[in-house]
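Before any comments, here is the structure.
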Amino acid sequence: MKIVVVGGTGLIGSKLVTKLGEHGHEAVAAAPSTGVNTLTGEGLAEVLAGAQVVIDVSNSPSFERAAVLKFFETSTGNLLAAEAAAGVGHHVALSIVGSERMPDNGYFAAKIAQEKLIEKSGIPFSLVHSTQFFEFARGIADEATVDDKVHIAPVLFQPIAGDDVAQAVGRAAVGTPLNAMVEIAGPTQYMMDEFFRQALAAWGDPREVVTDPHARYFGSELSERSLVPGDGATLGTIRYHEWLGRNAIGK
Ligand SMILES: NC(=O)c1ccc[n+]([C@@H]2O[C@H](COP(=O)([O-])OP(=O)(O)OC[C@H]3O[C@@H](n4cnc5c(N)ncnc54)[C@H](OP(=O)(O)O)[C@@H]3O)[C@@H](O)[C@H]2O)c1
């Protein structure tokens with residue numbers, strides 16, 4: 001099956017291209033560096049010719065509210081129009097657990113706008129909502145740092161390895177379109193402040209973690225369950241400390 005992976009040179013996309021190829025699919029990475037740009041439309045018709053499935057795991061270069069909304073609305077609109085013209089039968093996109101609960105967050109609002117375009121496109125689709133990637137933990141800590149202290153709210157947190165994300169998205173892509181959303185998360189639920197306390201210690205990072213009920217997560221105040229999935233989520237198998245032992249990230 002020909003599967004086009006938009007954002008196929010990125011963290012999740014490159015894992016997907018490898019995994020789908022190992023399962024005998026013709027997985028094609030589509031990104032500006034491979035001559036495909038969903039913002040301008042460059043290379044889209046050519047790469048989609050003969051494709052049965054499109055997976056969109058692209059990301060905006062800027063996370064600023066207006067810029068990220070423009071990125072996901074424009075890129076998704078162009079992509080869906082090109083898929084309709086090419087007769088693509090399944091659109092799969094990766095979004096974030098809890099995005100619908102935090103519309104005040106500019107990045108999450110842009111992901112919701114992306115999903116609305118997919119839902120009304122008429123193209124059969126599957127939406128995978130993931131919790132935060134292990135690979136993103138350092139970025140969260142840096143964003144939460146004020147005066148060299150990492151301010152984290154005491155809320156539930158259930159991060160997942162990028163390999164587990166790619167596995168779940170790949171499975172969705174080769175399955176029947178769900179025309180619905182599914183949730184995925186890591187195997188262990190933590191208190192977020194405690195996770196970062198342990199993670200920073202494991203990274204050898206001297207910053208202190210401050211438990212702060214009003215600490216904002218990329219601008220949003222969190223409640224206890226803002227970032228964790230509901231019942232029925234598919235759980236990954238890779239545990240954080242096992243993953244950390246195999247990855248230098250964060251050190
Ligand atoms: N981080 C998290 O914890 C988390 C959690 C849940 C869901 N997600 C979602 O997961 C998705 C993938 O994230 P990631 O970390 O794997 O992304 P990433 O590593 O930043 O990769 C982004 C990809 O998008 C491509 N891209 C950028 N502009 C493009 C354009 N105009 N046209 C086509 N492709 C373009 C990039 O191509 P180049 O390499 O050529 O620039 C790259 O392949 C995102 O949509 C994000 O919202 C993330």
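Every number in this text was worked out from the coordinates using simple rules, so none of it is lab data. This is a predicted model, so every value here is computed, not measured. Don't worry about glycine lacking a Cβ; one is built from the backbone with ideal geometry, like all the others, and counts go over all protein chains shown.
Counting only DSSP beta bridges with both residues in segment 104-251, tell me the antiparallel percent, nearest 5.
35
I want the antiparallel fraction of DSSP beta bridges within the chain, as a percent rounded to 5. Display every interim value, and only then the final one.
On the way: 6 of 36 bridges.
Antiparallel bridges: around 15 percent, rounded to the nearest 5.
Per-residue counts of other Cβ atoms within 10 Å, averaged by peptide: what ranking do you get for 5-11, 64-70, 34-40, highest first? Don't skip to the end; give the middle numbers.
Details: 5-11: 22.3, 64-70: 15.1, 34-40: 17.0.
With the highest mean Cβ count within 10 Å placed first, the list reads 5-11, 34-40, 64-70.
Give me the distance between the Cα centres of segment 194-251 and segment 62-84, rounded to whole Å.
Computed from Cα coordinates, the inter-centre distance equals 28 Å.
Where does helix 192-203 land angle-wise versus the long Cα axis of the chain, in degrees 0 to 90, nearest 10?
For 192-203 against the chain, the angle is about 90 degrees.
Between the helical axis of 65-86 and the dominant principal axis of the chain, each derived from Cα atoms, what acute angle in degrees is found, rounded to the nearest 10?
Orientation of helix 65-86: about 30 degrees from the principal axis.
Based on the Cβ-Cβ distance from D148 to A67, what FRET efficiency comes out when R0 is 35 Å, to the nearest 0.05?
With a Förster radius of 35 Å, E is 0.80.
Any of K15/K149; K70/K120; K70/K149; K19/K149 with alpha carbons more than 29 Å apart? Name them for me.
K15/K149; K70/K149; K19/K149
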